[in-house]
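Inspection log for the structure reproduced underneath, given as structure tokens.
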Amino acid sequence: MPRYGYYDAVVVGAGFAGLSAAHELVRAGLSTRVLEARPRVGGRVLTRYLPDGTQLDLGGQWIGPTQLNITELVHRYGIETYPTPGEGAMIVDYGGERLTGSPPEIAELLAEIDAMARQVPVAEPWNAPRAAEWDRHTFASWIADRGCSQVAARFLDRVISGGLLAGSANETSVLETLFYIASAGGVEPLLGYEGAAQDTRIVGGAQEIANRMAADLPAGTVHLSDPVLRIEHDGSGARLVTRLGEHWASRVIIAVPPMLAGRIQYDPPLPGLREGAFQRMPAGTALKVHAVYPEPFWRADGFSGVARSTSGVLTETVDNTPPNSPRAVLTAFAYGEEAILLRRRDAAERRRIVLAQLGELFGERALEPDELVEFDWLAEEWTRGCFSGHFIPGGWTSFGAVLRAPVGALHWACTETAVRWNGYFDGAVESGRRAADEVRAALSGQS
């Protein structure tokens, strides 16, 4: 087995967290190696081009103006952006009633959620005044206690637990839901488009940011197609065994989702609380489908392409057509139970179900796309779920305090560990920079 060099730090994972950590380490003058399992960088972003040049972002794609870390990188590398197409009316399928916005009942419930989220200290959610109570109860039980209408309950389940946490309201606690909302500054910054999380897209696709970051590191820093299988560690350093060889380091930053970090073999085994935290952070089950059409016909009909539904398998749609694109793209999302239902069907049946709902929302022309492109991150070997991982009920109060804590020479970075914009690119960048700060401090102490 080839033996590679000894480094001040080895970073496991070349997503936004790992690449951000590597940049900070290199800037500090530390010898650094990044090990990535995939044959590419970017982690949970993946940009694909169809033969005619139509751009599809199969993973994460948006940035917003208050996401300062990722915005700084876009400016640093001179990457062009464009606003998410938004002219025209929004469609809200509210229990069969067709609206152009959320009804007052939902606005009142969202205001109540915002007020609760402001009570959660994002750095220590387990110290919220009602943390124990909120972490015991699922978000579904909180909705049920509101006494709201059945359609309002379904809207909150699908749009909040689905659209934000990529699951169902019975899968996460009230505390996890409130923390996620607090980390972004409220519900509206998360759900909105202009001025919010879905404000802006990247010319060339979101993966272009990661490509530029990797290219800006010293030659040879990033090692692709080399998954880490085993980490032998103690307080003074670590030996990393990969498919292709061995690496040694004084410090290791593990910058992959909790689902994957928990699958690495550690010697000695990780402390029980750390292992428990991994076991209680499953990844989301979102399914994203792109319908490609000759033109954005919905615009001529007066629609923005944005839709939210309380019925059918699709919770959300959005106009994903880049400027000057050869063809138009309407992207649809399924979450939670609906996403699982679609996965149980074969490709032909999934297509029929998805297009039937697009037809109900946008008319007959939506029934006949040129192509329907899906990519299942739950089945992707080096991701195993999307958008991000979340604590199950009881997770924050039992295991939250160890989520970011180093274990000897091992440090942790991924968007799931972020304090601000948890679950987003911005949170991933924050987490990588925080872990790099920990490594710098530790090595300075050793020296």
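The values are calculated or read from the model by the stated rules, or taken from the named source; none is laboratory data. Given the structure is predicted, the values throughout are model-derived calculations rather than measurements. No Cβ is skipped: glycine too gets one built from the backbone with ideal geometry, and neighbour counts run over all protein chains shown. Only protein heavy atoms, including side chains, enter the accessible area calculation; ligands, DNA and RNA are left aside. Shrake-Rupley method; radii C 1.70, N 1.55, O 1.52, S 1.80 Å.
Restricting 42, 29, 53, 5 to residues that are assigned to a loop (DSSP other than H, G, I, E, B) and farther than 22 Å from residue 84 by Cα narrows the list to 29. Scanning the stretch 14-61 for residues that are more than 22 Å from residue 243 (Cβ to Cβ), open to solvent by 40 Å² or more (accessible area, probe 1.4 Å), out of contact with any Pro (no Cβ under 7 Å at 6 or more places or on another chain) and not hydroxyl-bearing (Ser, Thr, Tyr) gives 27, 28, 29, 48, 51.
A quick yes/no check of all residues on (1) outside the structural domain of residue 415 (by the TED database); (2) touching a Lys or Arg at 6+ places or on another chain (Cβ under 6 Å); (3) under 30 Å from residue 396 (Cβ atoms):
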{"residue": "221", "(1), (2), (3)": "no, no, no"}
{"residue": "232", "(1), (2), (3)": "no, yes, no"}
{"residue": "244", "(1), (2), (3)": "no, no, no"}
{"residue": "264", "(1), (2), (3)": "no, no, yes"}
{"residue": "278", "(1), (2), (3)": "yes, no, yes"}
{"residue": "282", "(1), (2), (3)": "yes, no, yes"}
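So which residues in the stretch 203-250 are of a type in the set (Ser, Thr, Tyr) and on the phi > 0 side of the Ramachandran plot, if there are any at all?
Answer for the stretch 203-250, where residues must be of a type in the set (Ser, Thr, Tyr) and on the phi > 0 side of the Ramachandran plot: just 225.
Could you say whether any residue in the stretch 165-184 is closer than 28 Å to residue 77 by Cα and among the aliphatic types (A, V, I, L, M)? Scanning the stretch 165-184, I find at least one residue that is closer than 28 Å to residue 77 by Cα and among the aliphatic types (A, V, I, L, M), so the answer is yes. Being closer than 30 Å to residue 100 by Cα, in contact with a Leu (Cβ under 8 Å, 6 or more places away or on another chain) and buried (at least 16 other Cβ atoms within 10 Å of the Cβ) is a property that residue 88 lacks. Counting the residues of the stretch 298-322 that are farther than 15 Å from residue 201 by Cβ and either open to solvent by less than 10 Å² (accessible area, probe 1.4 Å) or touching a Ser or Thr at 6+ places or on another chain (Cβ under 7 Å) (or both) gives 8.
Taking the stretch 169-264 as the region of interest, the helices (runs of 4 or more DSSP H) fully inside it that hold 1 or more residues being surrounded by fewer than 18 Cβ atoms within 10 Å (Cβ to Cβ) are 187-191, 207-215. Residue 98 fulfils the conditions (1) buried (at least 21 other Cβ atoms within 10 Å of the Cβ); (2) more than 26 Å from residue 411 (Cβ to Cβ); (3) among the basic types (Lys, Arg) except for a single criterion, (1). Provide a single number: the residues in the stretch 408-431 that are out of contact with any strand residue (DSSP E or B) (no Cβ under 8 Å at 6 or more places or on another chain) and farther than 20 Å from residue 182 by Cβ. The total comes to 0.
Which of the residues belonging to the stretch 283-306 are in contact with a helix residue (DSSP H, G or I) (Cβ under 8 Å, 6 or more places away or on another chain) and within 16 Å of residue 367 (Cα to Cα)?
Looking only at the stretch 283-306, we keep the residues that are in contact with a helix residue (DSSP H, G or I) (Cβ under 8 Å, 6 or more places away or on another chain), and these are 283, 285-287, 289, 291, 293, 297-298, 301, 303-305.
Matches in the stretch 283-306: 289, 291, 293, 297, 298, 301, 305.
For the stretch 62-85, the set of residues classified as of a type in the set (Ser, Thr, Tyr) and open to solvent by 70 Å² or more (accessible area, probe 1.4 Å) consists of 66 only. Checking every residue in the stretch 404-424 against the condition of being under 20 Å from the mean Cα position of the chain (by Cα) and open to solvent by 50 Å² or more (accessible area, probe 1.4 Å) gives at least one match.
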